[in-house]
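Each remark here refers to the structure printed beneath this line.
The values are calculated or read from the model by the stated rules, or taken from the named source; none is laboratory data. In this text, all values refer to a predicted model and were calculated from it rather than measured experimentally. Here Cβ is always computed from backbone atoms with ideal geometry, including for glycine, and neighbour counts include all displayed protein chains.
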Amino acid sequence: MDKKSDIIERLSPLERKIIPFLHHPIEKIVKDSELDETSVIKALRFLESKGVLSLSTAVKKKVILGTNGIYYKKNHLPERNLLHLLETHNHLSFDEAKKMSKLSDNEFKVSLGALKNKRFIVIANGKISLNIPKEELVKKTPEEQLLEELPMPLENLNKEQREILEVLKQRKDLVEIAEENTVSFKLTSLGDQLAGKEITLNLIEEITPEVIKTWSKNKKVRKYDIDASVPRIYAGKRHFVNQTLERARKIWVEMGFKEMEGNIAETSFWVFDALFTPQDHPAREMQDTFFIKVPPGKIKDREHLKPVKESHENGMGISKGWQYSWNEDIAKRVVLRTHTTSLSARTIASLKENDLPAKFFAIGKCFRNETVDWNHAFEFYQTEGIVVDKNVTFVNLLGYLQVFYKKMGFDKIRFRPSFFAYTEPSVEIDVFHPARKEWIELGGAGIFRPEVTLALLGKVTPVLAWGQGLDRIIRDVHKIKDIREMYSNDIQDIRDKKVSI
Amino acid sequence: MANIQFNRKEFEKHFKVDEKLIEKISLFGTPASLKEDYVEVELFPNRPDLIPLQGFVRAFKAFLGKETGIREYKINKPEKNYKVRISPSVKQVRPFTACAIVKNMTFTDERIKEIINVQEKMHATLGRNRKKLAIGIYPLDKISLPISYEARDPEKIKFIPLGGEKEMNGREILENHPTGKQYSSLLAGHQKFPVFVDAGSKVLSMPPIINSHETGRITESTRDVFIECSGFDNESLQKALKILITMFSDMGGKVYAMELEGEKKELVPDMTSEKMKISLEDVNKLLGLSLKEKDLEKLLPRMEYEYKQGTLRIPPWRTDILHQVDIIEDIAIAYGYEKLVPQVPNVSTFGEESKKAMKNSILAGTLIGLNLLETTSFHLIKQDEVKNMKAESIELEDSKTDYKYLRPNLLIPALRIFAENKDHEYPQRIFEIGTVFSSDKKHLTETGIQEKENMIVAISPGNFTEIKQIHDYLSRVLGIEYEIEEESVPNLLEGRSAIIKKDRKNVGYLGEVHPETLQEWKIKMPIAVLEIAMD
């Protein structure tokens, strides 16, 4: 198929309508095609993208009427009021003239000036009188003539008109010079072949039930410009933070872990005391932890209260303990959980012998009393896990973490010694960021201290435990530098964010 | 966690400092970074013995295998009048003290700064900001022995506080002196304040607040010092004293014990090291290694222990050995965390998502099908939001940000999102599933706070019909039967809002947001919402 007939098959109805008139300038096309100017320009742009013509835009100056100009054109210039007045009264004082002409101060002043300059009037002894024969008054002034002709392109004004324009420009809002884009086009050689042709080709524009019903082989459908841009749409979508949380959740389930859930607001007992954190530990101060303005909570689990107290005070015979007098009132204070390890504590306390071995995980929000900056927020996500089995070891703990982070996309992991009040041995986990070539600190893990397991589980048995921040990972997956972006809920950002795969 | 900066020049007298060494320090359990003038290490709170450079050098040399085992420190017997009399009057206010004397020191300006630094770090960590313990150091030539530790009426305590010019009494110091004001809470409410007083009735200090300018200030001409630790936990005081005297001893000082005369007589510091049994089997079982007896003989001295046939001696300055596991971790550190090979064991369990997570995930999928965008907001809300919405909300204590309350609903965060997204393309259709908080009036919970999982759908522009369509659709596909009753809902338009009930209990509401509320939030586009409890 030659290029010409291929293009003919792609012409939209709009384009087809103007093809016959393409040898003419745009104003004429608008007139002859009976389309409005916007549609003609649109059709011309389509044709340009098909290589039929090339458009060019020129800026043209045009003299148009200002707001006062529009008014005066419809009525007449204020000086005409004055002239009419002088036609019937030969001499008028300023006050009389002003009052009778009903002009505003400003209009009156301008009118006087204009007429004086033209020597249409003279002013003597405080009186205004006509200076020209009354017959002359029927003639339109050059100003009035120009006003009537406007709007017109600046270049079309003759020398005399230009001078008058300068005079009119002195007056307020009579005339304005506006810039106007004028579009013109030039046909290409392809365009030359097409222009002027009546296109009678019968192309199907839209596939309708009728078209389907009456379809036959010889029918033709107009071809579309597949490169043409289409309006953007937005769809429903999960928040990118939750996408990553779901992914982590899936991985733990795959690895045989059962999900824990529980309260965000919790008594200090389960957040700290049950985890062998002494009551004067700095982490328990208001400086770091959100305390909630509610009356002291209840510790319903009396079965574990006594062993926890003893573990702190004297180590229950297996350890030195922290050697102080444990206070139940302090344990009753209600806080926002500072780690999801409170869920692990409650879970362990609820386990029975025949529940073992057991593996649990949790993903949830934790809180710390902190100001917000690019790297910190008062809320953050943590992923938590415990493995309870009499045979598990410290290297097994490292094994679970290695597998999890590998599945999350981090092949290289490193372990450093660390310290937590409730684990021993403890370990700090870093993963290597392959693109940024740096280690990312994720947080801690360890084996629960015997003081913890004896108090909560009733026996000393290894419980592998970890609780790592997930925000660093979420930021990495979604290429977020500033943590505030994670929580800003910028709707456009959520719409545009890539889906993590 | 405390960050300690060791002078790089001093540090380099003991170690060749390079990236490899820094890495090694991290593997010792103290993450380190190298700066131009200093080496910075992060200490965990269990190892205050590493706060002084001397302590760190001693322990890290052992770790590197250079000088292993317990370093012995010579404690000389007390000379005449090396005594501290502890009056029963201190029992109520600050019951314990532990003291020593160190002679033959050389105090340069730099050394004085170094010691003050150690003192401050120990106050902040082990001392819990001087509450649990505080340390005082005094030039021996300015005081006369023996010393007395007693509690006195604040008005009867008179001395010039360190850095001050005029004499003040105990109460004036708490009220007017900058350090006094900073720590006044530690003595507030007590009838009597503790003081150290010398044989000539001169006040040395009023612990844990401040020393005397006259008797409690070390200068470059000082050679001998009196050291005291005071506080509530005798064990911690003894440890702190041991850490200090090992530091002074490593600086070249000669340490003398002192006799404490309280309810009983006691000679301190007692540098006997505690013994503990350790089982090789337990070590291997916990770590997952197969170490031999001779490995323990090699590894334990690297963490400053002495080990022989199942029994070890613990360095007297270690504060953190409560149980055998604490030693097992040290064995792992000496072995090298970098050498541990991760292994996944065969622990057969079934994985299971929680019902809540599963439900939320299915619901989120359904809502996405309705062309809704998920948002995720803070659980905390701002004070003016609570006020504007007249919503009963639970308050937090001393929040450092504007977010001071727990959200009672998801409407507040949703309206904030609309208010902050006015410049983005409409329609804006959002949903969120999350926890909301209310007072537990029936006292069923342990915390007095009821946590519920709510779902909100909010569309802008949106009207009653559209939001009811969404509600209808959700009820149908989720198979939940709800009743809707016309009722006014706070912040919604009367006549265009309804309460949602299930089994005759209120579970949510739907309707058009009131123009007044929208004005409060400076929102210009109409909003229709549906919020419902999921449980």
Keeping to the stretch A:220-268, report how many residues are over 31 Å from the mean Cα position of the chain (by Cα), within 24 Å of B:Leu406 (Cα to Cα), more than 7 Å from every other protein chain (Cβ to nearest Cβ) and outside any loop (DSSP other than H, G, I, E, B). 1
The lone condition A:Leu456 fails out of (1) more than 30 Å from B:Tyr403 (Cα to Cα); (2) crowded, with 23+ Cβ neighbours inside 10 Å; (3) of a type outside the set (Phe, Trp, Tyr); (4) within 13 Å of chain B (Cβ to nearest Cβ) is (4)
Can you go through B:Asn409, B:Asn454, B:Asn421 and tell me which one is within 7 Å of chain A (Cβ to nearest Cβ), more than 28 Å from the chain's Cα centre (by Cα) and surrounded by 20 or more Cβ atoms within 10 Å (Cβ to Cβ)? B:Asn421
Among the residues of the stretch B:353-400 satisfying the criterion of being over 23 Å from B:Gln519 (Cα atoms), of a type in the set (Val, Ile, Thr) and touching a Leu at 6+ places or on another chain (Cβ under 8 Å), which is nearest to the other protein chains (Cβ to nearest Cβ)? B:Ile394
Here is a list: B:Pro52, B:Pro48, B:Pro88. Which entry is out of contact with any His (no Cβ under 8 Å at 6 or more places or on another chain), in the same structural domain as B:Gly262 (by TED's automatic domain parsing), touching a residue at least 24 places away in the same chain (Cβ under 8 Å) and not basic (Lys, Arg)? B:Pro88
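Filter the stretch B:204-215 down to the residues that are surrounded by fewer than 22 Cβ atoms within 10 Å (Cβ to Cβ) and over 34 Å from the mean Cα position of the chain (by Cα) and list them by number. Working first, answer last.
Within the stretch B:204-215, the first condition is being surrounded by fewer than 22 Cβ atoms within 10 Å (Cβ to Cβ), and the residues that meet it are B:213-214.
B:Glu214, the sole residue that qualifies.
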Looking only at the stretch B:387-399, which residues are more than 18 Å from A:Arg368 (Cα to Cα) and modelled with pLDDT under 95? B:Lys387, B:Asn388, B:Met389, B:Lys390, B:Ala391, B:Glu392
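Do we find that B:Ser144 is under 33 Å from the mean Cα position of the chain (by Cα), assigned by TED's automatic domain parsing to the domain that holds B:Met247 and of a type in the set (S, T, N, Q) in this structure? Let's see the steps before the verdict.
On the way: under 33 Å from the mean Cα position of the chain (by Cα): no; assigned by TED's automatic domain parsing to the domain that holds B:Met247: yes; of a type in the set (S, T, N, Q): yes.
No: the conditions fail for B:Ser144.
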Here, strands (runs of 3 or more DSSP E) confined to the stretch B:128-224 with at least 2 residues that are within 30 Å of B:Met1 (Cα to Cα) are B:133-139, B:203-206
(1) under 26 Å from A:Leu464 (Cβ atoms); (2) within 14 Å of chain B (Cβ to nearest Cβ): which one isn't true of A:Leu275, the others all being true? (2)
Is at least one residue of the stretch A:340-349 within 11 Å of another protein chain (Cβ to nearest Cβ), among the charged types (D, E, K, R), more than 24 Å from A:Asn391 (Cα to Cα) and surrounded by 16 or more Cβ atoms within 10 Å (Cβ to Cβ)? no
Does B:Phe431 satisfy being buried (at least 20 other Cβ atoms within 10 Å of the Cβ), farther than 30 Å from A:Ser268 by Cα, more than 7 Å from chain A (Cβ to nearest Cβ) and at pLDDT 95 or above? yes
Exactly one of A:Asn218, A:Asn202, A:Asn181 is surrounded by fewer than 10 Cβ atoms within 10 Å (Cβ to Cβ) and under 30 Å from A:Lys61 (Cα atoms), and that one is A:Asn181
So if I check each of A:Ala248, A:Ala283, which one is within 28 Å of A:Ile348 (Cβ to Cβ), in the same structural domain as A:Asp389 (by TED's automatic domain parsing), modelled with pLDDT under 90 and out of contact with any helix residue (DSSP H, G or I) (no Cβ under 7 Å at 6 or more places or on another chain)? A:Ala283
How about the stretch A:346-442: which strands (runs of 3 or more DSSP E) wholly inside it have at least 1 residues that are closer than 18 Å to A:Thr461 by Cβ and polar (S, T, N, Q)? A:423-433
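Residue-by-condition table, conditions (1) modelled with pLDDT of 95 or more; (2) in the same structural domain as B:Ser236 (by TED's automatic domain parsing); (3) part of a helix (DSSP H, G or I); (4) crowded, with 22+ Cβ neighbours inside 10 Å:
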| residue | (1), (2), (3), (4) |
| --- | --- |
| B:Val17 | no, no, no, no |
| B:Glu23 | no, no, yes, no |
| B:Gly29 | no, no, no, yes |
| B:Ser33 | no, no, no, no |
| B:Glu36 | no, no, no, no |
| B:Val57 | yes, no, yes, no |
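If you scan the stretch A:292-307, which residues turn out to be in contact with a Lys or Arg (Cβ under 6 Å, 6 or more places away or on another chain) and either more than 7 Å from chain B (Cβ to nearest Cβ) or outside any loop (DSSP other than H, G, I, E, B) (or both)? Show your work before the answer.
Quick first cut of the stretch A:292-307, residues in contact with a Lys or Arg (Cβ under 6 Å, 6 or more places away or on another chain) only: A:296-297.
Correct list: A:Pro296 only.
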Selection count where residues are without any contact (Cβ under 8 Å) to a residue 12 or more places away in the chain and either surrounded by 12 or more Cβ atoms within 10 Å (Cβ to Cβ) or in contact with a strand residue (DSSP E or B) (Cβ under 6 Å, 6 or more places away or on another chain) (or both), scope the stretch A:105-123: 5
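Return the only residue of B:Gly252, B:Gly231 being within 14 Å of chain A (Cβ to nearest Cβ) and on the phi > 0 side of the Ramachandran plot. Before you say what the answer is, go through the steps one by one.
Details: B:Gly252 fails: within 14 Å of chain A (Cβ to nearest Cβ).
None of the other options fit; the residue is B:Gly231.
If the requirement is being more than 12 Å from every other protein chain (Cβ to nearest Cβ) and in a loop (DSSP other than H, G, I, E, B), which of these qualifies: A:Ile473, A:Ile480?
On the way: A:Ile473 fails: in a loop (DSSP other than H, G, I, E, B).
Only one candidate qualifies: A:Ile480.
Residue-wise test of (1) surrounded by fewer than 14 Cβ atoms within 10 Å (Cβ to Cβ); (2) modelled with pLDDT under 95.
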position: B:Lys77; (1), (2): yes, no
position: B:Lys103; (1), (2): no, no
position: B:Glu110; (1), (2): yes, yes
position: B:Arg128; (1), (2): no, yes
position: B:Leu140; (1), (2): no, no
position: B:Leu145; (1), (2): no, yes
position: B:Glu165; (1), (2): yes, yes
Starting from the stretch A:8-37, keep only residues that are assigned by TED's automatic domain parsing to the domain that holds A:Ser56, then list their pairs with residues that are of a type in the set (Lys, Arg) and in a helix (DSSP H, G or I) whose Cβ atoms are within a distance under 8 Å, requiring at least 6 positions of separation or different chains. A:Leu14/A:Lys42; A:Phe21/A:Lys28; A:Ser33/A:Lys17; A:Leu35/A:Lys17
Test each condition in (1) in contact (Cβ under 8 Å) with a residue 40 or more places away in the chain; (2) more than 7 Å from chain B (Cβ to nearest Cβ); (3) farther than 29 Å from A:Arg475 by Cα; (4) surrounded by 18 or more Cβ atoms within 10 Å (Cβ to Cβ) for A:Glu310 and report the one that comes out false. (4)
Expected single match for farther than 20 Å from B:Ile137 by Cβ and modelled with pLDDT of 95 or more among B:Leu53, B:Leu64 is B:Leu64
Can you pull out every residue in the stretch B:434-451 that is at the interface with chain A (Cβ under 10 Å from one of its Cβ atoms) and in contact (Cβ under 8 Å) with a residue 40 or more places away in the chain? B:Gly434, B:Thr435, B:Phe437, B:Ser439, B:Ile449
I'd like to check which strands (runs of 3 or more DSSP E) are fully inside the stretch B:464-515 and have at least 3 residues that are touching a Gly at 6+ places or on another chain (Cβ under 9 Å) and farther than 23 Å from B:Asn371 by Cα. B:492-502
